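Report on the structure given below.
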Amino acid sequence: MHNKIFRIAINTPFFGLFEYLPSVDSENISVGNIVKAKFKNREVFGVVHEVVKSPSISIEKLKPIVGIHENNLKLDESYIKLISWVSKYYHYPIGQTYNHFLPKYIEKLNRKTKIKFEINEILLQKKSFKLSDEQKKIIKDIQQKNSKFSCNLISGVTGSGKTEIYKQIANKIIKENKQVLVLVPEINLIPQIKKEFQEIGTVVTRHSNMSEKEKYLSWHASIEKKNYIFVGTRSCSLLPFSNLGLIIVDEEHDLSYKQEDHLKYNARDLSIYSAQMKKIPIILGSATPSFETILNVKNKKYSEYKLNKRVKNLPLPKIELVNMINYKKDLLAPNTLKSMKEFLNNNDQVMLFINRRGYSPVVMCTKCSWIPRSPYNNIPMTYHKNSKLLICHHSGYSKKFNNCCPVCSSQDFAFIGKGTERIGEVISEDFKKNTWVRIDSDSFKKKGELDEIFKKVSENQFDILVGTQMLSKGHNFKNLSLVVVVDVDQRLYSPNLKALEHLAQLLIQVSGRAGRVNKRGKVLIQTNFPNNSDLQYLFKKGYDAWALKNLESRKKFTLPPYINTAIIRAKGKKESLLEKELLRAKETLPKNNVKVYGPMSSSLPKKGNEYNMYLMLQSKSKGAINKSLSFFTNNCKNLSKNNVKFSIDVDPVSDD
């Protein structure tokens, strides 16, 4: 008679656990152990999630586990609690959630595997920095909360010295022999933040571009009870910290913290839960806080600390809207070109910001109006002149552009819209004496290449920078004095609920790159709608006032963040089948205090040869939405059925 039944989480789309009997040598196996088990005629790794006394099915149907992981790996109770919460909150299968948290390299480990656990304990010399009274007060207040949970927003103007506050608070935690987690939204920000924190302690980095072995080493380092500082992107929040004392989420508003595929978690929200569970403080930093965070401050759930002045009382950049209505064919207005020449003649650097890669987002035959579209989603393909390729940035599909229309054989094409390549062409023509560099994800493929370019920019080896949002966050280029936002109009009237908020944040962030040392900067924003009420209010009253005005409007119409939202997405090759399955789900979902809208086509109706549709659930009660989603997953059992792939997105940032 077996008095132990192991309930094991295995990497499958099934929402439940799988029951196994003990093996001969499983005396010491308990919750958290990584074990091997036979599953569908193959051996797989799984995690013992529960141990119970009796099975839920006939014991004759159960198999014994194969054995424990050779390295006797075991997850601690708090890590299992975090993983369980993520699985339940985001309604993602428990086995796949474990798989997302655990490094894949674990499966390669055995007793013979020899790994050098070496952490480069490099300490850099501290720079002298005189703290302002504002900074001193914030540091003192937050340090008094070190032994309990608190969520603290540090907001204020760009270049106001948030990083120095982070370091001072983190330094006290390090001296108490505890770990610190610092999250940044993008990989290219890691080197700069790493360098800052190496002044106070040993830094371990973690991001998606690392090898599986490197990811395992950072995972293992977090288990060690050493006072390391962990700096990384959103996946760094998934590490099994053994002695965490502080979490810092820099640029907390950034949409990069939300994962858009598989496990659709938000690293900021997950980190807040982690801090609550571990009873430690968390700091959210942003010059442009998200609407959700501002509302939580208003509701007294978070404390807010404001920094109203730049470091050394440097003035904020002067912002001007450039009317492009009379320059439809020009990429840069005469006034923009004039300002660029003035700043360059003064040995200042200039940044041109446009959030589009390639040469032109649309190519059209002038004779018959044919437009090349992706066969996978029918979206116009972007022309990349340097590689002579047409590329779909959604599906990754590409083909050669042979300059001949397949419909009418004409060789006369119009290139509509602008991207970084096209702007670069104008710079090469009009600024022949100046050095320039293009910074976007097409330009740098090799490891370390981007870091090298940023180093050269800091050393003034380039006069002009042309780039996408990779340039908009966190960077501190001391000689950069003029920022030109080439085109804001695409997002100004987007139907996406987050688009306007994101645009405002992007404009303030990119404006903040100008004039960060010694000189006052200038920002030129090119638009066909200079009298747009949002643009006018944003730059006259500032981001805080603009955000509060928009929040009032959202409250009036009961829009997020005043209502909770979740999406049930369906993908498949037959659109009619998606609609049928979503209608069936809609009819059966519990609707107590929950409104269900749809089925609707996504903003990208077809992607990667599959159609996309969704249901939207909204409620003022998170519990009510959670109940409806739990009902759906319990009845669905797994997320693939009848040639339809379902996924759930809690707190979505888009409907794609």
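A few comments on the model shown:
- Selection count, the stretch 552-592, where residues are acidic (Asp, Glu) and open to solvent by less than 40 Å² (accessible area, probe 1.4 Å): 1
- Taking the stretch 257-288 as the range and being over 28 Å from ILE508 (Cα atoms) and aliphatic (A, V, I, L, M) as the test, the residues that pass are LEU263, ALA275, MET277, ILE280.
- Residue that is modelled with the highest pLDDT, among those in the stretch 132-167 that are part of a helix (DSSP H, G or I) and among the hydroxyl-bearing types (Ser, Thr, Tyr): TYR166
- Filter result (farther than 22 Å from ASN72 by Cβ, β-branched (Val, Ile, Thr) and touching a helix residue (DSSP H, G or I) at 6+ places or on another chain (Cβ under 6 Å)) within the stretch 1-52: THR12
- Residues satisfying the stated conditions in the stretch 465-478, i.e. at pLDDT 85 or above and either open to solvent by 10 Å² or more (accessible area, probe 1.4 Å) or over 23 Å from LEU344 (Cβ atoms) (or both): none
- Counting residues in the stretch 130-153 that are basic (Lys, Arg) and touching a Gly at 6+ places or on another chain (Cβ under 8 Å) gives zero.
- For the stretch 138-159, the condition holds for no residue, the condition being that it is without any contact (Cβ under 8 Å) to a residue 60 or more places away in the chain and aromatic (Phe, Trp, Tyr).
- PRO13 being modelled with pLDDT under 95 and touching a Pro at 6+ places or on another chain (Cβ under 8 Å): yes
- In the stretch 43-77, residue nearest to TYR216 (Cα to Cα) [restricted to those that are crowded, with 17+ Cβ neighbours inside 10 Å and in contact (Cβ under 8 Å) with a residue 60 or more places away in the chain]: LEU75
- The test for being over 30 Å from ALA566 (Cα atoms), among the charged types (D, E, K, R) and open to solvent by 40 Å² or more (accessible area, probe 1.4 Å) does not hold for GLU199.
- Search result, residues across the stretch 278-292 that are within 20 Å of GLY161 (Cβ to Cβ) and either hydroxyl-bearing (Ser, Thr, Tyr) or at pLDDT 95 or above (or both): PRO281, ILE282, ILE283, LEU284, GLY285, SER286, THR288, PRO289
- Flag for ILE119 being part of a loop (DSSP other than H, G, I, E, B) and either modelled with pLDDT of 95 or more or in contact with a strand residue (DSSP E or B) (Cβ under 8 Å, 6 or more places away or on another chain) (or both): yes
- Residue in the stretch 442-455 that is open to solvent by less than 60 Å² (accessible area, probe 1.4 Å), under 23 Å from THR527 (Cβ atoms) and outside any loop (DSSP other than H, G, I, E, B) present: no
- Cβ pairs under 8 Å, 6+ apart, first in the stretch 270-287 and farther than 14 Å from GLU251 by Cα, second among the basic types (Lys, Arg) and surrounded by fewer than 23 Cβ atoms within 10 Å (Cβ to Cβ): MET277/LYS81; LYS279/LYS148; ILE280/LYS148; PRO281/LYS145; PRO281/LYS148
- Criterion violated by LYS215 - all others in (1) in contact (Cβ under 8 Å) with a residue 60 or more places away in the chain; (2) outside any loop (DSSP other than H, G, I, E, B); (3) under 15 Å from the mean Cα position of the chain (by Cα) satisfied: (3)
- Entry remark, the stretch 245-258: residues being surrounded by fewer than 21 Cβ atoms within 10 Å (Cβ to Cβ) and either among the acidic types (Asp, Glu) or farther than 19 Å from MET470 by Cβ (or both) number 0 in total.
The values are calculated or read from the model by the stated rules, or taken from the named source; none is laboratory data. Only a predicted model underlies this, so the values are computations on that prediction, with no experimental measurement involved. Backbone-built Cβ (ideal geometry, glycine too); neighbour counts: all protein chains shown. In case anyone asks, the SASA skips ligands and DNA or RNA and just uses the protein heavy atoms, side chains included. Shrake-Rupley method; radii C 1.70, N 1.55, O 1.52, S 1.80 Å.
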